[in-house]
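To keep things clear, I will list the structure first and then write my remarks on it.
The values are calculated or read from the model by the stated rules, or taken from the named source; none is laboratory data. Computed from a predicted structure; not experimentally measured. With ideal geometry, Cβ positions are generated from the backbone for all residues, glycine too; neighbour counts draw on all protein chains shown.
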Ligand SMILES: CC(C)(COP(=O)(O)OP(=O)(O)OC[C@H]1O[C@@H](n2cnc3c(N)ncnc32)[C@H](O)[C@@H]1OP(=O)(O)O)[C@@H](O)C(=O)NCCC(=O)NCCS
């Protein structure tokens, strides 16, 4: 499934709190995505990939993600602070996609993961995805807390902690608080910021 074609040039870029902005990433964002992942602290990088990976593997992963998955980034100016990914296809079957998240180490626990997951939920509905899989190491309390917030029941499977977010339920939970309302996300590439464009908080 090649999501990116569904997202070309549709939505304006939006300003979040202060100077934070949210937009879809495309293949042209490979170098900033790579920089973002390299900036993660050792333990966070290890949590993100469930271990260490080679440079060659990472390059292939970045290219595959930016070409074939939904990738949403949070920016402070030109600096990419956080990314959420939604990967479909493979063995997962129809209407199911797997998520991945990376928040810059100095920006953790400030709500960026929550911000991204609600945008991912909206993107999932727009792409006929009804279930989002979250898979992480059992020691990853942050990711498990984030997934639980949107209805996932995290359970051991092999050496991993795995949960499923029902997208409709996740959006319902997101809607219970006004600050969780889904936000518009800009298409890949530079986007014009419309005057006064601010999401609901
Ligand atoms: C997991 C991750 C994406 C969470 O992002 P974040 O921006 O820190 O998350 P938020 O600030 O939105 O917090 C989400 C919830 O998790 C909770 N939480 C965050 N870090 C936590 C921790 N270390 N322990 C327990 N709960 C935690 C928060 O309290 C919040 O719940 P609340 O709203 O009820 O208070 C981020 O920590 C990260 O990028 N980690 C490294 C990479 C990784 O592990 N990726 C996941 C595997 S793909």
- Task: Might you check whether a residue that is over 17 Å from residue 100 (Cβ atoms) and within 10 Å of the ligand (Cβ to nearest atom) occurs anywhere in region 156-163?
- Result: no
- Query: Mind checking which pairs have a first residue in region 39-54 that is closer than 20 Å to residue 86 by Cα and a second that is more than 8 Å from the ligand (Cβ to nearest atom) and in a helix (DSSP H, G or I), Cβ under 7 Å, 6 or more apart or different chains?
  - Reply: 45/37
- Message: Looking at (1) within 12 Å of the ligand (Cβ to nearest atom); (2) part of a helix (DSSP H, G or I); (3) within 15 Å of the chain's Cα centre (by Cα), which one does residue 86 not meet, given that it meets all the others?
- Response: (2)
- Item | Answer residue from region 102-128, given it is over 17 Å from residue 20 (Cα atoms) and outside any helix (DSSP H, G or I) and is nearest to the ligand (Cβ to nearest atom) among those | 127
- Message: Give all pairs with beta carbons closer than 8 Å in which a residue from region 133-161 that is farther than 22 Å from residue 95 by Cβ meets a residue that is assigned to a loop (DSSP other than H, G, I, E, B) and near the ligand (Cβ under 6 Å from one of its atoms); count only pairs at least 6 apart in sequence or on separate chains.
- Response: 142/108; 142/109; 161/140
- Query: Does residue 167 count as at negative phi, crowded, with 20+ Cβ neighbours inside 10 Å, modelled with pLDDT of 95 or more and within 11 Å of the ligand (Cβ to nearest atom)?
  - Reply: no
- Query: Yes or no: residue 131 more than 8 Å from the ligand (Cβ to nearest atom) and modelled with pLDDT of 95 or more?
  - Reply: yes
- Restricting the search to region 136-155, which residues are assigned to a strand (DSSP E or B), within 12 Å of the ligand (Cβ to nearest atom) and over 17 Å from the mean Cα position of the chain (by Cα)? none
- Run residue 117 past the list (1) surrounded by 19 or more Cβ atoms within 10 Å (Cβ to Cβ); (2) under 15 Å from the mean Cα position of the chain (by Cα); (3) more than 25 Å from residue 34 (Cβ to Cβ) and report the number of the one that doesn't hold. (3)
- Message: Would you confirm whether or not region 91-100 contains a residue that is in a helix (DSSP H, G or I), touching a helix residue (DSSP H, G or I) at 6+ places or on another chain (Cβ under 7 Å) and at pLDDT 95 or above?
- Response: no
